[in-house]
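Any read-out appearing in this document is the output of simple, stated calculations on the displayed coordinates, not a laboratory observation. Source: prediction; values computed, not measured. Ideal geometry is used to build each Cβ from the backbone, glycine not excepted, and the neighbour counts take in all protein chains shown.
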Amino acid sequence: MDIKKTLANLADTRKKKIILIAAAVILIVLIAAYITISSMGSPADPDNQEYMTITIESGSGTSQIAQMLTENGIIESPGKFKLWSRIKGYDSQYKAGAYSLSPSMSFKEIAEILVGGKVSTIKFTIPEGYTIYQVADTLSQLGYVDKERFTEILETEDFSEEYPFLKDAQDNKNRLEGYLYPNTYFVETGASEEAYIKVMLNQFGKEVTDEHYARAEELGLSMNDVIIIASIIQRECDVAKEGDKVASVIYNRLEKGMALQMCSTVQYILGETKPVLSYADTQIESPYNTYLHQGLPPGPICSPSIDAIEAALYPADTDYLYFVLSEKLDGTSNFSDNYEKFQKDSQAYYDAYEKANS
């Protein structure tokens, strides 16, 4: 027996076993590391779909960001997020901004948002027929603006250099009335009060085209006159069905030198929409009271839609001088060209309204 050869074989076998054991250990470590890293990226709370705005300041490092995310409940461990970011190559790639994040997001989802600079946006809707103060109330109640600051800008800032269509607007605190275009908007989280106003003014500029201005000139009206008329139409009827008819009543009464006697203008003074005005309401002294004063009020009474603006520009060809809500109580109106018919229509509406509310 060759003892040396036998010992050499034993040593070789032992070496192979050591190598196999070492390889197995390394494999186990790698698997464990993979499992650990993978688990690091799991959502803190997969069932929590609540989103919150996280603002990352310029110059913030991964450690600061991780700590902020942890404090806001978006992730569970700042250390894991920092290590995961380094391993995945996201470290030092995160951008400043305001982001909408949720505990239901994985590390990867969060990282891609922060690296991509996908700044959080806020969605808000301004309905047709809102006044500037209703806009202020809505945005304030949503927590998007400081109402006092927003109102101050509305009443004092001059936007006419940037928005030439405002040069014809009334020169008082209600100068922006009618021009905060009703629409659904998206703005960056943390946007200033001025930014909210400008996004609505920008939309007005897009909606009202050169064609509209040319048509206003044909009618001998300024665009501000058109917006005043459109705002009355907006508040008086279902624009899509009857806007052009209401427009015809307005133009016919103006042509005959009659007071417009539009309930919506008195409601603007009152700051509320009353289904039936009292006689005392119609006697309130105000330049907006079209029961007392002939001609158009000094400014728009709300923000009209493009449909209302086009109704003002393209009125129906009628002899109508009067209209009143229909006794059907479905939002439609009865139109007439004589006072006697108007009185009958009015009585029918009041009787139906009383019956429905008794």
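Hydrophobic long helices, here whole DSSP H runs in the chain with Kyte-Doolittle means of at least -0.5 and Cα atoms spread over 27 Å or more along the helix axis, are found at 3-40. Rounded to whole numbers, the Karplus 3J(HN,Hα) couplings from phi for region 275-292 are x, 9, 7, 7, 4, 4, 4, 6, 9, 5, 7, 6, x, 7, 7, 7, 7, 9 Hz, using 6.51 cos²θ - 1.76 cosθ + 1.60 with θ = phi - 60°, and x at Gly and Pro.
So if I place +1 on the C-beta of Lys and Arg and -1 on the C-beta of Asp and Glu, and nothing else carries charge, what would the dipole magnitude of region 125-278 be about its Cα centre? I want it in debye, nearest 20.
Details: 14 positive and 28 negative charges, 126 e Å.
Dipole about the Cα centre, nearest 20: 600 debye.
Convex hull of alpha carbon positions in the chain: directionally averaged projected area 30.3 nm².
Only the Cβ atoms of Lys and Arg (+1) and of Asp and Glu (-1) were treated as charged; on that basis the dipole of the chain about its Cα centre amounts to roughly 3340 debye. Positive end of the dipole of the chain (Cβ unit charges, origin at the Cα centre): among Tyr314, Ile56, Gly178, the Cα lying farthest that way belongs to Ile56.
Order these peptides, 124-135, 150-161, by their mean beta-carbon neighbour count within 10 angstrom, highest first. Don't skip to the answer; put the middle values down first.
Details: 124-135: 18.2, 150-161: 15.3.
Ranking the peptides 124-135, 150-161 by packing returns 124-135, 150-161.
Close amide H contacts of Glu188 (hydrogens built in the peptide plane, cut-off under 5 Å, sequence separation of 5 or more or a different chain): Ile122.
Of the cross-linked pairs Lys173/Lys241; Lys95/Lys198; Lys118/Lys198; Lys173/Lys274; Lys256/Lys344; Lys173/Lys245, which ones have a Cα-Cα span greater than 29 Å in the structure shown?
Numbers: Lys173/Lys241 33 Å; Lys95/Lys198 26 Å; Lys118/Lys198 22 Å; Lys173/Lys274 25 Å; Lys256/Lys344 22 Å; Lys173/Lys245 31 Å.
Going by Cα-Cα distance, Lys173/Lys241; Lys173/Lys245 fall outside the 29 Å limit.
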